[in-house]
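S.K.: This structure is in structure tokens; I'll ask about it shortly.
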Amino acid sequence: MIAPRALDALRVVFAEDNYLVREGTSALLREVDCVELVAVAADLHGLLDAVAAHAPDVVLTDIRMPPTNTTEGIDAAKRIRAEHPSIGVVVLSQFADEDYAYELLKGGAAGLGYLLKERVAEIDELVRALKEVAGGGSVLDPKVVEGLVGRRTDSRNSPLKRLTQREREVLGQIAEGKNNAGIAEALYLSPRAVEKHINSIFQKLDLSEELNVHRRVMAVLTFLRGTTGSRSGAG
């Protein structure tokens, strides 16, 4: 007999067109006590219908689905966030393509995440990401962050040039969705040192006058934006 979910379980709608991936991921999510998988969809229309019917806390969706198998996940994320601002969306991609991440987050990073499909097997990290975006935060896959750091800091006019190496590392951790405690643990820093680095980042990126939560989101957008722009025709 399946144990009932906790009353405060994270309500999730999952969309994936590949049958084996859909069934495997669904099985993993159903094993998590703090997650309630309320609906599963195989295409864009099914996803949007499920969101309207179930009003989940968060959506987990593949980036490519029928009808066109191009950017349905990103399109759905933008529409869901516009129509249901309280619902977070995590988009899954097979590739660490920074352009997809830029396209997803360029209109605002709050309540959005971009992860590689390989993270699905790391169920604890996946659930952490789902919780983060459900709470209005943003999450980027570490491999995407790594690519963005190299790409953006190569630009002579990038605002990231103002940051020290350690500050760029801290900003990368912010982009991955970590809070101060998580950053301290990942980089072997004291909480006080993390706070000092973050304040320096905000100042150097001209974000010192913004509210703290908003500054973190704006810092991620600065991290994504750069001056090199997004390459066209990403596949």
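The values are calculated or read from the model by the stated rules, or taken from the named source; none is laboratory data. Remember, it's a predicted structure, so these values are computed and weren't measured experimentally. Virtual Cβ from ideal backbone geometry, glycine too; neighbours counted across all protein chains shown.
S.K.: From the list A27, A42, pick out the single residue that is free of Cβ contacts under 8 Å to residues at least 24 places away in the same chain and closer than 22 Å to R119 by Cα.
M.R.: A27
S.K.: Looking at segment 122-135 only, could you name the residues that are surrounded by fewer than 18 Cβ atoms within 10 Å (Cβ to Cβ) and touching a helix residue (DSSP H, G or I) at 6+ places or on another chain (Cβ under 8 Å)?
M.R.: Listed by number, the residues that qualify are I123, E125.
S.K.: Here is a check on your reading of the model: is N179 modelled with pLDDT of 70 or more and closer than 18 Å to G136 by Cβ?
M.R.: Judged against the criteria, N179 is a match.
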